[in-house]
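Single-structure report; data block below.
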Amino acid sequence: MSCSTGRGSAYNAAKSNAVRETMDILFEISRILNTGVYLETLSICIWLCEQGINSEALSLVIKELHKATEALKALKI
(Lines give C-alpha, C1' and ligand atoms only; values in the text may rest on other atoms or scores of the structure.)
Protein backbone atom coordinates (compact mmCIF):
# COMPACT_ATOMS: atom_id res chain seq x y z
CA MET A 1 0.00 0.00 0.00
CA SER A 2 2.77 2.45 0.82
CA CYS A 3 4.40 1.73 -2.53
CA SER A 4 1.41 3.05 -4.48
CA THR A 5 1.28 6.10 -2.24
CA GLY A 6 4.97 6.64 -2.83
CA ARG A 7 4.54 6.44 -6.59
CA GLY A 8 1.58 8.81 -6.47
CA SER A 9 3.58 11.18 -4.35
CA ALA A 10 6.51 11.04 -6.79
CA TYR A 11 4.13 11.64 -9.70
CA ASN A 12 2.57 14.64 -7.94
CA ALA A 13 6.01 16.04 -7.15
CA ALA A 14 7.11 15.63 -10.79
CA LYS A 15 3.89 17.21 -12.01
CA SER A 16 4.30 20.08 -9.56
CA ASN A 17 7.89 20.63 -10.74
CA ALA A 18 6.77 20.62 -14.38
CA VAL A 19 4.06 23.18 -13.66
CA ARG A 20 6.53 25.38 -11.77
CA GLU A 21 9.06 25.13 -14.60
CA THR A 22 6.40 26.00 -17.18
CA MET A 23 5.32 29.02 -15.13
CA ASP A 24 8.94 30.14 -14.80
CA ILE A 25 9.39 29.94 -18.58
CA LEU A 26 6.14 31.79 -19.28
CA PHE A 27 7.07 34.48 -16.75
CA GLU A 28 10.50 34.86 -18.33
CA ILE A 29 8.87 35.30 -21.76
CA SER A 30 6.51 37.86 -20.21
CA ARG A 31 9.47 39.70 -18.69
CA ILE A 32 11.43 39.68 -21.96
CA LEU A 33 8.37 41.10 -23.74
CA ASN A 34 8.20 43.77 -21.03
CA THR A 35 4.52 43.08 -20.31
CA GLY A 36 4.68 44.38 -16.74
CA VAL A 37 2.65 41.36 -15.61
CA TYR A 38 3.58 39.90 -12.23
CA LEU A 39 3.89 36.14 -11.70
CA GLU A 40 0.68 36.00 -9.67
CA THR A 41 -1.20 37.89 -12.39
CA LEU A 42 0.20 35.56 -15.04
CA SER A 43 -0.94 32.55 -13.02
CA ILE A 44 -4.44 33.98 -12.77
CA CYS A 45 -4.53 34.73 -16.51
CA ILE A 46 -3.47 31.18 -17.36
CA TRP A 47 -6.11 29.79 -15.02
CA LEU A 48 -8.76 32.01 -16.61
CA CYS A 49 -7.78 30.83 -20.08
CA GLU A 50 -7.94 27.22 -18.90
CA GLN A 51 -11.47 27.97 -17.68
CA GLY A 52 -12.47 29.12 -21.16
CA ILE A 53 -12.04 32.89 -20.95
CA ASN A 54 -11.24 34.44 -24.33
CA SER A 55 -7.50 35.18 -24.23
CA GLU A 56 -7.75 38.14 -26.62
CA ALA A 57 -10.46 39.77 -24.51
CA LEU A 58 -8.39 39.14 -21.38
CA SER A 59 -5.40 40.74 -23.06
CA LEU A 60 -7.43 43.85 -23.88
CA VAL A 61 -8.66 44.12 -20.30
CA ILE A 62 -5.11 43.86 -18.96
CA LYS A 63 -3.89 46.52 -21.39
CA GLU A 64 -6.69 48.86 -20.31
CA LEU A 65 -5.89 48.24 -16.66
CA HIS A 66 -2.23 49.08 -17.32
CA LYS A 67 -3.28 52.31 -19.07
CA ALA A 68 -5.58 53.25 -16.19
CA THR A 69 -2.82 52.53 -13.67
CA GLU A 70 -0.38 54.72 -15.58
CA ALA A 71 -2.93 57.52 -15.79
CA LEU A 72 -3.50 57.37 -12.03
CA LYS A 73 0.24 57.41 -11.39
CA ALA A 74 0.58 60.48 -13.62
CA LEU A 75 -2.11 62.28 -11.62
CA LYS A 76 -0.33 61.63 -8.33
CA ILE A 77 2.88 63.29 -9.54
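Brief remarks follow.
- Which numbered condition T69 misses (of (1) surrounded by 11 or more Cβ atoms within 10 Å (Cβ to Cβ); (2) under 16 Å from the mean Cα position of the chain (by Cα); (3) at negative phi): (2)
- For I32: the one exception among (1) free of Cβ contacts under 8 Å to residues at least 24 places away in the same chain; (2) surrounded by 10 or more Cβ atoms within 10 Å (Cβ to Cβ): (2)
- Scanning the range 31-43 for residues being β-branched (V, I, T) and either more than 21 Å from K67 (Cβ to Cβ) or modelled with pLDDT of 95 or more (or both) gives a total of 1.
The values are calculated or read from the model by the stated rules, or taken from the named source; none is laboratory data. Model, not experiment: these values are computed from the prediction. Ideal geometry is used to build each Cβ from the backbone, glycine not excepted, and the neighbour counts take in all protein chains shown.
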